[in-house]
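Student: Just dropping this structure here.
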Amino acid sequence: MMGALRTPPRMRIMIVEDDAALAAGVARILEGEGHAADVMKSGEHAILAATQESFDLMILDVGLPGLDGFEVLRRLRAQGSPVPVLILTARDAIDDRVHGLDLGADDYMAKPFAMAELVARVRALNRRGKAQSGPRLTHGPLELDTGARRAFLNGAPLELAAREWAVLEVLLGKVEKVVSKEVIIQAVASWGEDLSHNAIEVYVSRLRSKLEPAGIHIRTVRGFGYMLEEFSG
Ligand code: CA
């Protein structure tokens, strides 16, 4: 017998759609596929939820009251969110499609669509997401999936802003070694950007508030930089 395709693990999917009947229909189908689905009725709710919790996929309608789907996507990407996004829209203009993909969408579907096609695309995005998983860095209860750019603490998703992630990645590469602020700035700043030592202090302090409760300590080495201490449990 041929080796059966392994079913990718279930995903947590956010559906951003103000049409309640459509949102419920999509949620029902995806739940039938074994996924968990959360429905958000506005772009504002979607951004808030995406910054507070971790999702494997976002199905994002363009036509929303308030912030439209494009603006939601633009803000998420500006915040460094790597969540895969499937754009859903009644507007099938080629410009819209290009605009969505330019903003960082992973796929695009025009309404009306067949549920079977939506399910197939969600499956494809799920497989692609798994394929992008890269090397994992671990430190005690902390785990960074460097390919998918997702962090976990004690197995639960940990939300990190893009800059926090970058600082943590540098420190994780040099456990028990002091890393100067200059080195961190070089790793974190965009090209040509002037990032201050104070900014680095802010990112480190945010990281501490997220990691200290789990027993992970970033020590300050006065006048020089920081050191991620060996995890002692
Ligand atoms: Ca809509």
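The values are calculated or read from the model by the stated rules, or taken from the named source; none is laboratory data. Bear in mind the structure is a predicted one, so any value in this text is a computation, not a measurement. Here Cβ is always computed from backbone atoms with ideal geometry, including for glycine, and neighbour counts include all displayed protein chains. Only protein heavy atoms, including side chains, enter the accessible area calculation; ligands, DNA and RNA are left aside. Shrake-Rupley method; radii C 1.70, N 1.55, O 1.52, S 1.80 Å.
Student: Given the options G80, G66, G25, name the one that is of a type in the set (G, A, S), within 20 Å of M109 (Cβ to Cβ) and not assigned by TED's automatic domain parsing to the domain that holds W165. Break it down into steps so the answer makes sense when it comes.
Tutor: Working: G80 fails: within 20 Å of M109 (Cβ to Cβ); G66 fails: within 20 Å of M109 (Cβ to Cβ).
Selected residue: G25, the only one of G80, G66, G25 that is of a type in the set (G, A, S), within 20 Å of M109 (Cβ to Cβ) and not assigned by TED's automatic domain parsing to the domain that holds W165.
Student: Something else: Residues of the stretch 65-91 being within 17 Å of K41 (Cα to Cα) and open to solvent by less than 20 Å² (accessible area, probe 1.4 Å), which ones?
Tutor: G69, F70, V72, L73, L76, V85, L86, I87, L88, T89, listed by residue number.
Student: So E176 ticks every box in (1) assigned to a loop (DSSP other than H, G, I, E, B); (2) modelled with pLDDT under 85 but one. Which box is left unticked?
Tutor: Every listed condition holds for E176 apart from (2).
Student: Considering only the stretch 112-160, how many residues are assigned to a loop (DSSP other than H, G, I, E, B) and either farther than 21 Å from L76 by Cα or modelled with pLDDT of 85 or more (or both)?
Tutor: Number satisfying all stated conditions: 11.
Student: Another one. Looking only at the stretch 198-231, how many residues end up being free of Cβ contacts under 8 Å to residues at least 24 places away in the same chain, in contact with a strand residue (DSSP E or B) (Cβ under 7 Å, 6 or more places away or on another chain) and among the hydrophobic types (A, V, I, L, M, F, W, C)?
Tutor: So the count comes out to 0.
Student: Against the condition touching a Pro at 6+ places or on another chain (Cβ under 8 Å) and either away from the ligand (no atom under 14 Å from the Cβ) or within 24 Å of L101 (Cβ to Cβ) (or both), how does E53 come out, does it pass? Working first, answer last.
Tutor: Numbers: touching a Pro at 6+ places or on another chain (Cβ under 8 Å): yes; either away from the ligand (no atom under 14 Å from the Cβ) or within 24 Å of L101 (Cβ to Cβ) (or both): yes.
Yes; evaluated as a whole, the condition is true for this residue.
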